[in-house]
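For reference, the structure discussed in these notes is given below.
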Amino acid sequence: MAPKQTKFDINRSVQFTLSLDNEKEIEEIREKIILLCLMGFDAIVFSNSFKNSDYLLQIIEDAKELNSKLKLGIEKFPYLKIAVGILDPLRPKNFYCMDQISYNDINTNLLISFENSISSLSDKKIEGIRFHPGSLDLELFDLMWKIIDDNFDRDFISIHIDRVNQSNAHIVNLLKKAYGDKSSSLIVEVDGASSVGNNSYNDTIQTLATADILIKEFSKKNYKSYKNLQFYFSGEISSKTLPLANLCAVDFNGLSFGSCYNNIFFDKLKFAENLPNSLTDRESVSNSIENYESILYYK
């Protein structure tokens with residue numbers, strides 16, 4: 001019997017990710033991003049590989065202006081969260097840090113450049129960061145994590161893990177290092193990425209299985225030491241994700257729609273609205289938002 005459809009808890013955190021390809025064509029999806037900014041998302045995750053931070057900040061301001069103009073009554077708008085590290089699990093040698101990509105082993109020069117780039121983000125009004133450690137060894141991870149931790153508040157830092165290049169044991173060790181002492185906190189985004197977008201059911205199973213292992217390890221077995229650890233489902237959020245999580249009693253704190261490595265999130269939204277005329281009046285905007293919500297949350 002298929003699992004019963006589950007209504008999403010609006011108190012959980014939600015964010016969405018622009019893929020590397022999305023960022024190349026960001027002007028073409030501008031209206032879609034404006035609508036998403038009106039839907040109560042907490043953050044927009046992007047790599048800034050194409051220097052789009054100013055453009056995205058303007059989109060957020062445009063969404064606020066549209067909200068005021070049409071009296072939509074929306075009170076929460078997303079902040080910008082930059083994704084750095086090994087963003088594509090199928091290209092484990094490619095290390096992204098804003099508009100810089102390293103195709104070789106990480107060396108001292110890259111670490112210096114990484115530190116300079118991370119420390120400059122507050123000036124660009126980028127409030128959050130998501131680190132993709134990929135297959136980095138623990139020593140390199142520790143060096144880079146300290147740089148991130150020194151420059152961002154823990155409430156705005158997340159670590160993205162997947163099962164393409166990481167074993168369960170490696171993930172557990174990474175998270176123990178990243179979490180720090182008992183009074184700390186950490187957001188973990190779990191992306192199964194078993195088929196990298198080719199089979200959403202397999203991706204869902206892998207995401208839930210990985211999250212379940214980590215939740216049992218940290219939030220149940222060692223709760224006192226990791227009580228401020230939060231888990232988000234990340235990547236392809238399919239129609240089966242929430243029902244299966246409910247059926248298998250896999251608790252979670254948030255959803256992170258989309259990924260840096262494929263366009264599956266925005267591909268879904270192509271079915272939602274008739275743009276660009278959807279942003280001209282209150283009724284059409286409200287209808288488009290409802291259409292987006294029905295697609296994303298499978299209402």
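The values are calculated or read from the model by the stated rules, or taken from the named source; none is laboratory data. None of the values given here were measured: they were computed from a predicted structure. Every residue, glycine among them, receives a Cβ derived from its backbone with ideal geometry; neighbour counts consider all protein chains shown. What goes into the accessible areas is simple: the full protein's heavy atoms, side chains included, and nothing from ligands, DNA or RNA. Shrake-Rupley method; radii C 1.70, N 1.55, O 1.52, S 1.80 Å.
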**Item:** Scan of region 237-256 for residues that are open to solvent by less than 30 Å² (accessible area, probe 1.4 Å) and in contact with a Ser or Thr (Cβ under 7 Å, 6 or more places away or on another chain), ordered by number
**Value:** Ser238, Thr241, Leu242, Pro243, Leu244, Gly254, Ser256
**Request:** Pull up region 178-202, narrow it to residues that are among the charged types (D, E, K, R) and within 21 Å of Val45 (Cα to Cα), then point me to the one that is modelled with the highest pLDDT.
**Result:** Glu189
**Message:** Regarding region 60-70, can at least one residue be identified that is assigned to a strand (DSSP E or B), open to solvent by 10 Å² or more (accessible area, probe 1.4 Å) and touching a residue at least 40 places away in the same chain (Cβ under 8 Å)?
**Reply:** no
**Item:** Which numbered condition Glu189 misses (of (1) charged (D, E, K, R); (2) touching a helix residue (DSSP H, G or I) at 6+ places or on another chain (Cβ under 9 Å); (3) touching a residue at least 24 places away in the same chain (Cβ under 8 Å))
**Value:** (2)
**Fill in**
Of the residues in region 7-32 that are closer than 14 Å to Glu293 by Cα and either part of a loop (DSSP other than H, G, I, E, B) or modelled with pLDDT of 95 or more (or both), the one that is most open to solvent (accessible area, probe 1.4 Å) is Lys7
**Message:** Can you pull out every residue in region 128-181 that is assigned to a loop (DSSP other than H, G, I, E, B), over 23 Å from Thr210 (Cα atoms) and open to solvent by less than 40 Å² (accessible area, probe 1.4 Å)?
**Reply:** Phe152
**Message:** Among the residues in region 71-81, are any assigned to a strand (DSSP E or B), of a type in the set (A, V, I, L, M), within 19 Å of the chain's Cα centre (by Cα) and within 26 Å of Arg163 (Cβ to Cβ)?
**Reply:** no
**Message:** Return the residues of region 113-127 that are open to solvent by 90 Å² or more (accessible area, probe 1.4 Å) and without any contact (Cβ under 8 Å) to a residue 12 or more places away in the chain; say none if nothing qualifies.
**Reply:** Asn116, Asp123
**Prompt:** Out of curiosity, is Asn104 at pLDDT below 90, open to solvent by 10 Å² or more (accessible area, probe 1.4 Å), part of a loop (DSSP other than H, G, I, E, B) and within 28 Å of Asp203 (Cβ to Cβ)?
**Reply:** no
**Request:** Could you figure out which of (1) outside any helix (DSSP H, G or I); (2) at pLDDT below 85 isn't true of Phe257?
**Result:** (2)
**Request:** Give region 53-83 a look and list any residue that's closer than 28 Å to Leu20 by Cα and of a type in the set (Ser, Thr, Tyr), or say none.
**Result:** Ser53, Tyr55, Tyr79
**Asked** Does Ser184 satisfy being assigned to a loop (DSSP other than H, G, I, E, B), more than 26 Å from Phe257 (Cβ to Cβ), open to solvent by 10 Å² or more (accessible area, probe 1.4 Å) and of a type in the set (Gly, Ala, Ser)?
**Response** yes
